[in-house]
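Everything below concerns the one structure shown next.
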Amino acid sequence: MDTSTTPRVAIVTGAGTGIGRAAALALLKDGWQVVLAGRRPEPLAAVTAESGAGSRALAVPTDVSDAASVQDLFAAAVAQFGRVDLLFNNAGMSNPPGPFEDWTPAQWQGVVDVNLTGMFFCIQQAFRTMKAQSPRGGRIINIASVIGAMGNAGQANYAAAKAGMMGFSKSLAR
């Protein structure tokens, strides 16, 4: 297979807003086929429409904190475009409002599940997909935060999850 003429395929998580939206639009502008993933279908549809990319953009509502939802995301990407060349792992959420001592276990876990466990689920599926395709391989970009390295007042679970993401990324790279 001559990959120089094969359209490149990317999955962008958190594609409905912020950095994910900007990345998805830039990739589409550069000619990539892009699967836009996020929890809310409306922002994904808006980005898809704004891109004017037509069938090169596929919106797949996805909860990255749910392994089955991530499996479905990668299955949809392969069914539509045949492969995955790039995972732009960007989905994330911030801390719940209020003082740390008032957070519930569910509030703590929700941030960790999206920012750290969701990243794990996406990377695991990317490894499986990229190893099975021909030609094999691809790239993974994990979006972390300086807060994961330095911490920040009032953002304990976000900082912990992003620090975990950085450590996990470094370990996989080795």
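Ignoring ligands, DNA and RNA, what percent of the 1.4 Å accessible area of the chain is carbon and sulfur? Carbon and sulfur atoms account for 56 percent of the accessible area of the chain. Sorted largest first by accessible area at a 1.4 angstrom probe radius, with every protein chain in place, the residues Thr48, Thr17 fall in the order Thr17, Thr48. Beyond 19 Å, what share of the Cα-Cα pairs of segment 27-108 remains, rounded to the nearest whole percent? Of the Cα pairs, 46 percent sit more than 19 Å apart.
Counting only protein heavy atoms and a 1.4 Å probe, the chain has 51 square angstrom of accessible area per residue. What separates the Cα centres of segment 13-38 and segment 116-139 is a distance of 18 Å.
Kindly state, to the nearest 0.05, the FRET efficiency for Gln107 paired with Arg136, given R0 = 45 Å and r defined as their beta-carbon distance. The pair Gln107/Arg136 has a calculated efficiency of 0.65.
The orientation-averaged shadow of the Cα convex hull for segment 129-172, equal to a quarter of the hull surface, comes to 3.5 nm². At 10 °C and 1.306 mPa s, grab the translational diffusion coefficient of the chain from Stokes-Einstein with a Kirkwood Rh over Cα pairs, rounded to a whole number in µm² per second. Rounded, D is 96 µm²/s.
Residue ranges 146-157, 104-115 sort as 104-115, 146-157 when ordered by packing (mean number of other C-beta atoms within 10 Å per residue, highest first).
The values are calculated or read from the model by the stated rules, or taken from the named source; none is laboratory data. Note that the coordinates shown come from a computational prediction; the quantities given were computed from them, not determined experimentally. So basically every Cβ, Gly included, is an ideal-geometry build from the backbone, and we count neighbours across all protein chains shown. The accessibility values were calculated without ligands, DNA or RNA, using every heavy atom of the protein model including side chains. Shrake-Rupley method; radii C 1.70, N 1.55, O 1.52, S 1.80 Å.
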